[in-house]
Amino acid sequence: MQDITNLAIPKGSTVLVVGANGFIASHVNAWLPVLFDNPYGKGNFELLAVLDLMRDGALDEAVKGASAVISVASLVSHDPDPTKVVPPAVQLIEKTLRSAYNEPSVKRFVLTSSSTTTIPWGPQGIAEGRDIRSDSWSEDALEIALAPPPYTIARAGPVYAASKIKQEQTMWKFFEENKERRPDIVINSVLPAMTFGRSLDPVNQGHASSSELIEKLWKCEPIPTPFVAPSQFPPSFADLSFSIQNLLAGLFSDVEDVALLHVAATILHDVRGERLCAFSEPFHWDKVLAILRKQSPDHEFPADFVSRECKNRIMTKPRAEEVLKIMGRERLTSLEESLRLNVEDLRQGS
């Protein structure tokens, strides 16, 4: 790791991680003390229960004395009705920002956004692919998500994407509108894609969020909600291929890369006003199965799903890897390595 001398916030600072018990956030929490040269110990980590993040001022107490806020918490309902998903996502970021901006000690604000804000959602865009850049926005997701009813289950993905688009754009707008009041605050966003990788605590945390998909493939079990809508949930392993095909092939991120980019967006002075995209490579589910079979040739996996390839082209890798190198990591983690880490505990237990 390079010697980081020009920190945005001083060593020993308090960092508030909102939504600290999730898959990505748990890795953010793991890296923060390491990169601040602070070993784990009494007083380095404190868990606060905030029962309702949607309440006005819900974070006012938690943010007191913090130098930075990392907002990882997200509303993931997979409801296809945009009126139930988009407004709450916007309200959540507005309330979180108000609490941060009202605390004089806060100098950095980092939002966990999503690759869904950048990728194509319309049939033509999916078929042709797109150059994915840090300034890409999925206008077609908004068009599909915000169209009049009926709100069919096929719209759940675009609706989620629309909620993340509106949420992140609200953050950038809030920043511009409050520059004069708080010129000392710098904001960044980090965009994970479908995230796989190592579980920090397989016994207590298990395989959370999208890493659970790999566990299900390992165990030849149906894909659970919320990854597949309840109306499409397969009753048996025989229908596993049906459920996995309802998942888009897309871009992949490793959870530790995502976490390190969050920390970089928090502590690096020269990372300012950026969208850091943690996209390592495109993937599809048959590629995932091929890698798993290669790594564990004696283990039984489901048959191929005949899944389509993702044709999106990642243009954001150079900047992500430039930032990761400062943090001590040479490159974005490959899909093969991330899958190996994802099933490490499963392999040991089999």
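The values are calculated or read from the model by the stated rules, or taken from the named source; none is laboratory data. From a predicted model like this one, the values you see are computed outputs, not experimental measurements. Cβ: placed from backbone, ideal geometry, glycine included. Neighbour counts: every protein chain shown.
Please determine whether any residue of the stretch 160-168 is part of a helix (DSSP H, G or I), without any contact (Cβ under 8 Å) to a residue 12 or more places away in the chain and not charged (D, E, K, R). Checked against the condition, which is being part of a helix (DSSP H, G or I), without any contact (Cβ under 8 Å) to a residue 12 or more places away in the chain and not charged (D, E, K, R), the stretch 160-168 yields no hits at all. Only one entry in 210, 113 is modelled with pLDDT under 90 and of a type in the set (Gly, Ala, Ser), namely 210.
Output the residue which, of all residues in the stretch 106-132 that are charged (D, E, K, R) and under 30 Å from residue 17 (Cα atoms), is surrounded by the most Cβ atoms within 10 Å (Cβ to Cβ). Filtering the stretch 106-132 for residues that are charged (D, E, K, R) and under 30 Å from residue 17 (Cα atoms), the one surrounded by the most Cβ atoms within 10 Å (Cβ to Cβ) comes out as 108. Taking the criterion of being surrounded by 19 or more Cβ atoms within 10 Å (Cβ to Cβ), outside any strand (DSSP E or B) and not hydrophobic (A, V, I, L, M, F, W, C), the residues of the stretch 171-197 that qualify are 192, 197.
Here's the yes/no breakdown for (1) at pLDDT 95 or above; (2) of a type in the set (Phe, Trp, Tyr):
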position: 153; (1), (2): no, no
position: 167; (1), (2): yes, no
position: 172; (1), (2): yes, yes
position: 189; (1), (2): yes, no
position: 216; (1), (2): no, no
position: 226; (1), (2): no, no
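Remark: pairs (first residue in the stretch 117-143, of a type in the set (S, T, N, Q); second residue loosely packed, with under 13 Cβ neighbours inside 10 Å and not in a loop (DSSP other than H, G, I, E, B); Cβ separation under 9 Å; 6+ apart in sequence or on different chains) are absent. Considering the stretch 71-87, the residues that are of a type in the set (A, V, I, L, M), in contact with a helix residue (DSSP H, G or I) (Cβ under 6 Å, 6 or more places away or on another chain) and modelled with pLDDT under 95 include one that is farthest from residue 191 (Cα to Cα), namely 75. Taking first residues from the stretch 1-14 that are over 16 Å from residue 322 (Cβ atoms) and partners that are modelled with pLDDT under 85 and surrounded by 11 or more Cβ atoms within 10 Å (Cβ to Cβ), the Cβ contacts under 8 Å between residues at least 6 apart in sequence or on separate chains come to 11/36; 11/38; 12/36; 12/38; 13/36.
Going through 339, 261, 346 one at a time, which residue ends up being within 30 Å of residue 219 (Cα to Cα) and modelled with pLDDT of 95 or more?
On the way: 261 fails: within 30 Å of residue 219 (Cα to Cα); 346 fails: modelled with pLDDT of 95 or more.
Of 339, 261, 346, the one residue that is within 30 Å of residue 219 (Cα to Cα) and modelled with pLDDT of 95 or more is 339.
Where helices (runs of 4 or more DSSP H) fall entirely within the stretch 70-148, those with at least 2 residues that are under 18 Å from the mean Cα position of the chain (by Cα) are at 82-101.
If we scan the stretch 292-314, do we find a residue that is of a type in the set (Lys, Arg), over 30 Å from residue 264 (Cβ atoms) and modelled with pLDDT of 95 or more? If you could, list the steps in order and put the result at the bottom.
Pass one, the stretch 292-314, residues of a type in the set (Lys, Arg): 293-294, 308, 311, 313.
Filter once more, keeping what is over 30 Å from residue 264 (Cβ atoms): 293-294, 308.
Cutting the leftovers down to modelled with pLDDT of 95 or more gives us 293-294.
Scanning the stretch 292-314, I find at least one residue that is of a type in the set (Lys, Arg), over 30 Å from residue 264 (Cβ atoms) and modelled with pLDDT of 95 or more, so the answer is yes.
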